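Heads up: the structure comes next, in structure tokens.
The values are calculated or read from the model by the stated rules, or taken from the named source; none is laboratory data. Here the structure is a predicted model, which means the values were calculated and not measured. With ideal geometry, Cβ positions are generated from the backbone for all residues, glycine too; neighbour counts draw on all protein chains shown.
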Amino acid sequence: MKTASASRRILGWTAATLAGLAASPALAQGPTIDGADTAWITTATALVLLMTLPGLALLYAGMVRKKHLLAVMAQCFAAAMLVSVLWMIAGYSLTFVGGGSVIGSLDRFFLAGMSLESVNDLAANLPESLFAAFQMTFAIITVALVAGSVADRMRFSAFVLFAALWLFIVYVPIAHWVWGGGFLGEWGLLDFAGGTVVHINAGVAGLVACLVLGARHGYGSENLSPFDLSLAVIGTSLLWVGWFGFNGGSALGAGSRATMAILVTHLGASMGAIGWMAAEWWTRGKPSVLGILSGAIAGLGTITPASGFVLPWHALIIGGVAGIVCFWACTWLKQRLRYDDSLDVFGIHGVGGVIGTLATGVFAVGALSASPANPTGSPGLLEGNAAQLQTQAIGVVVTIVWCAVATFVVLKVVDLLVGLRVSPEAERMGLDVTQHGEALQ
């Protein structure tokens, strides 16, 4: 009798709970949040943050001289801390909320109105808080990447102010144009995980910044070789693994598109490393460790915009081309144009982003981007759609022009307010001591 009574009570509680859920407006009318998708994108968010902290911080630390090591790591941490807060205040809302063709809205200012049940229409299968956090990690690493071009000579105060202004004036508009419902996305630009938004953006900003600041003291006449390439190896390894979340997570769900993106990402990185290694072996007689690392990152950056649209054999071509062309950009082109991009952000990310974005227009497979709203997907040139390559080229040009002009303006404002560059004496002593009062023993 007691067992039957308990069963009735349990059934009664269950019926009441189900009735309450059905009556809840948020759950009855709102989209269904998928548990598996949520679990995967939570993991991907952690992986993308891992790319900056500690991945990029270790890579950059290993590639600068010892006296600047802590300073460049501090810039990576500053990017993570500052961008996170600014993203919460207004960055997310301006990028992904509102349907404007140029910029979003402030409806989520300070994340107002975000609840446990709320979703963004751009990722209706995920909690909105998770979607905002995932996209935050992309903004973080894009800002942090720029630090590599100005390593060894930019004031820490200048970098902090630059990061804040650049986030809102350059990153947020371009991210909205491509991913947030802006005009480039409406025109049909394909950028799965950041060829324009992240890599061209960071690369062009880095090039403009290093030109405005000028070369490092002793560039071309002194030994500026990396302090500890073992740190760079560890950093690159973390970036490689984290990139599975970067590209695979950009599917915004756990499924075959995410796994295909992860596969082509790995193949692109592998062929990028092989291509750079082969080019360096052929031209210089020896394959360097730094060259292999650079080739892997070039392959990763170049496959990024194409990763959700191409097949594995396409990734081999894209990665191989990236390794060879980015090697050329970081050696011959850099020497010919005489710019001091300290850690080759433009040669690897900028050039790689352009190659990858254009290659997407060539190799994109319609079936991989098909959806109920677009049954044929967005095929590329190889499937007979030459217009897609034209759209990709327009996206590249728009991104380069806006980023270059806006970055120049931001740098000039920062220089006027706090000064961009440390003194020659401070640079010779090292930014660790002069900017932070610390140094490695």
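Annotations
- Residues being farther than 18 Å from A144 by Cα and part of a helix (DSSP H, G or I) - total across the range 69-104: 6
- Looking only at the range 70-93, residues that are over 15 Å from the mean Cα position of the chain (by Cα) and surrounded by fewer than 23 Cβ atoms within 10 Å (Cβ to Cβ) come to 12 in all.
- Any hit, the range 122-136, residues being assigned to a loop (DSSP other than H, G, I, E, B) and at positive phi: no
- If you check V354, V325 for being farther than 30 Å from G218 by Cβ and β-branched (V, I, T), only one passes: V354.
- Boolean, V410 is under 14 Å from I169 (Cα atoms) and part of a helix (DSSP H, G or I): yes
- Selection within the range 252-269 - within 22 Å of L49 (Cα to Cα), small (G, A, S) and part of a helix (DSSP H, G or I): A258, A261, G268, A269
- Within the range 378-407, restricting attention to residues that are among the hydroxyl-bearing types (S, T, Y) and over 18 Å from Y171 (Cβ atoms), the residue that is surrounded by the most Cβ atoms within 10 Å (Cβ to Cβ) is S378.
- Selection from the range 168-189 of residues that are small (G, A, S) and in contact (Cβ under 8 Å) with a residue 60 or more places away in the chain: A175, G180, G181, G182, G188
- On the stretch given as the range 371-407, residues that are of a type in the set (D, E, K, R) and in contact with a Phe, Trp or Tyr (Cβ under 7 Å, 6 or more places away or on another chain) total 0.
- Test result for G291, surrounded by fewer than 24 Cβ atoms within 10 Å (Cβ to Cβ) and closer than 18 Å to S237 by Cα: yes
- The residue list V172, V204, V150, V197 contains one member that is crowded, with 24+ Cβ neighbours inside 10 Å and within 28 Å of P379 (Cβ to Cβ), which is V197.
- Subset of the range 425-441 [assigned to a helix (DSSP H, G or I) and more than 15 Å from A151 (Cα to Cα)]: E425
- Selection from the range 217-266 of residues that are touching a His at 6+ places or on another chain (Cβ under 9 Å) and among the aliphatic types (A, V, I, L, M): V264
- The helices (runs of 4 or more DSSP H) found entirely in the range 157-251 that carry 3 or more residues being closer than 22 Å to L49 by Cα and not aromatic (F, W, Y) are 172-179, 201-213, 229-248.
- Selection within the range 362-377: residues that are outside any helix (DSSP H, G or I) and modelled with pLDDT of 90 or more. The member of this set that is surrounded by the most Cβ atoms within 10 Å (Cβ to Cβ) is A364.
- Residues of the range 23-41 classified as touching a helix residue (DSSP H, G or I) at 6+ places or on another chain (Cβ under 8 Å) and either of a type outside the set (A, V, I, L, M) or modelled with pLDDT under 50 (or both), total: 4
- Cβ pairs under 7 Å, 6+ apart, first in the range 263-292 and among the polar types (S, T, N, Q), second assigned to a loop (DSSP other than H, G, I, E, B): T265/S307
- Count - residues of the range 88-117 that are out of contact with any strand residue (DSSP E or B) (no Cβ under 9 Å at 6 or more places or on another chain) and touching a residue at least 60 places away in the same chain (Cβ under 8 Å): 13
- Residue within the range 393-409 that is among the hydroxyl-bearing types (S, T, Y), over 18 Å from A71 (Cβ atoms) and without any contact (Cβ under 8 Å) to a residue 60 or more places away in the chain present: no
- Of the residues making up the range 298-311, at least one is more than 18 Å from the chain's Cα centre (by Cα), of a type outside the set (S, T, Y) and closer than 25 Å to T357 by Cβ.
- Filter pass, A147 being touching a residue at least 60 places away in the same chain (Cβ under 8 Å) and under 22 Å from S250 (Cα atoms): no
- Filtered by the rule that a residue be free of Cβ contacts under 8 Å to residues at least 60 places away in the same chain, within 22 Å of T376 (Cβ to Cβ) and crowded, with 23+ Cβ neighbours inside 10 Å, the range 297-338 gives V310, H314.
- Close Cβ contacts (under 6 Å, 6 or more residues apart or on different chains) running from residues in the range 38-63 that are touching a residue at least 12 places away in the same chain (Cβ under 8 Å) to residues that are basic (K, R) are absent.
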